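For reference, the structure discussed in these notes is given below.
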């Protein structure tokens, strides 16, 4: 299925892989399409919804500029997945595995009581004194490495359409990415004011020239956060593997798939070197393996990219929200959401009205999201949840 809609009312086109987009996200997309340094067009993935400055699910390419808010605050957030040698797991064993995982992986705002091994941390791209935020937060990050975080982050044990049990983790760069994002967004906003930028501050799209010292500093610190998020997921997956082996004995594992969906990177598109910003979007180069998770209680998908140039070789990063967190807590029915999960036999994390912000009813239908982007990716494996741990 090709692009569903093209909006041509702005300076550059906006290409949509969805039938309907909320008004706030469309307004943000129009702001992006009128920036002077945007390359060719704005692309909105099927899971698009309003974010800060740029819609989540948005993809843009820029010439010579980087926009911190077009990456977001959870830099490097992404997915990790691994196929196990198991083909079945009983509910009783599953509960024991979940208990062991909770002992090994701090959830929500919790950190490790002791710093983790420095050898597990990424190597900085420059000396630490040249990375002001990373240098300041490095010690704290040692306690956060291998921790899940809150919000929509999760650990799942799944049954694949390939017959295997899978492990999946969704997490990011924890407080490190948050601090880097906010620091450089404030700095960009101040510099834009000083330079008399004509871009309205209310658009929340402050930018930095990549050739400038501060632009280079952001790229270095952002890159470190992406690497930290990769290391964070890798350590959690290692500990989840340990939990599985402690309960079930000999289990072997395929290589880990570990991808990001919040970052900016220098890439070539339409014959030009540009900075591609993916905010809640997954890279989908031709032949590249990606992960598109569903919401709690719905399938996730292992996919192969088709390298579609119109999306800047990108696809969605998940199902995408259709309700804000507080709206979901107000409007969704707790018993109905629990029943939806219980009837599938899923061990889940919906206990009270407070948990409804992450219930399936707060998200778009993942099957429709997948259907809307079959020109971007090919589905390889469907992964149905057996058990969910939320942050």
Practice task
Can you tell me the order of 6-15, 265-274 when each peptide is scored by its average per-residue count of other Cβ atoms within 10 angstrom, highest first?
Solution key: 6-15, 265-274
Completion exercise
Rounded to the nearest 10, the angle in degrees between the Cα long axis of helix 91-104 and the longest principal axis of the Cα atoms of the chain comes to 50 degrees
Practice task
Sum -39500 (n - 2.57) across every DSSP H segment of at least 4 residues in the chain, then divide by the residue count to get the 222 nm mean residue ellipticity, nearest 500.
Solution key: -9500 deg cm²/dmol
Problem - Overall form of segment 236-342 per C-alpha gyration tensor (a/c, 1.5; a/b vs b/c) - result: oblate
Practice task
Could you tell me how many degrees, from 0 to 90 and to the nearest 10, lie between the Cα long axis of helix 174-194 and the main elongation axis, the longest principal axis, of the Cα atoms of the chain?
Solution key: 10 degrees
Completion exercise
At 4 °C and 1.567 mPa s, the Stokes-Einstein diffusion coefficient in µm²/s for segment 125-211, with hydrodynamic radius from the Kirkwood sum on alpha carbon pairs, is 79 µm²/s
Problem - Rounded D (µm²/s) - the chain, Kirkwood Rh over Cα pairs, Stokes-Einstein at 10 °C, 1.306 mPa s - result: 75 µm²/s
Handout entry: Per residue convex hull volume, Cα atoms of segment 6-113, in Å³
Key = 190 Å³
Handout entry: Three-way shape label, segment 199-247, alpha-carbon gyration tensor, a/c 1.5
Key = oblate
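Given the Cα atoms of segment 294-337, and with Rh set as the inverse mean 1/r over their pairs in the Kirkwood sense, what is Rg to Rh to two decimals?
Ratio of gyration radius to Kirkwood radius for segment 294-337: 1.14.
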Problem - Using alpha-carbon coordinates, inclination of helix 213-248 to the longest axis of the chain, degrees - result: 10 degrees
Exercise for the section: Quick one: divide the alpha-carbon radius of gyration of segment 108-265 by 2.2 N^0.38 Å and tell me what you get. Expected result: 1.24
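Taken together, the values in this text are just the output of simple stated rules run on the coordinates, not laboratory data. Just so you know, these numbers come straight off a predicted model, no measurement behind them. Cβ atoms come from the backbone with ideal geometry, glycine included; neighbour counts cover every protein chain shown.
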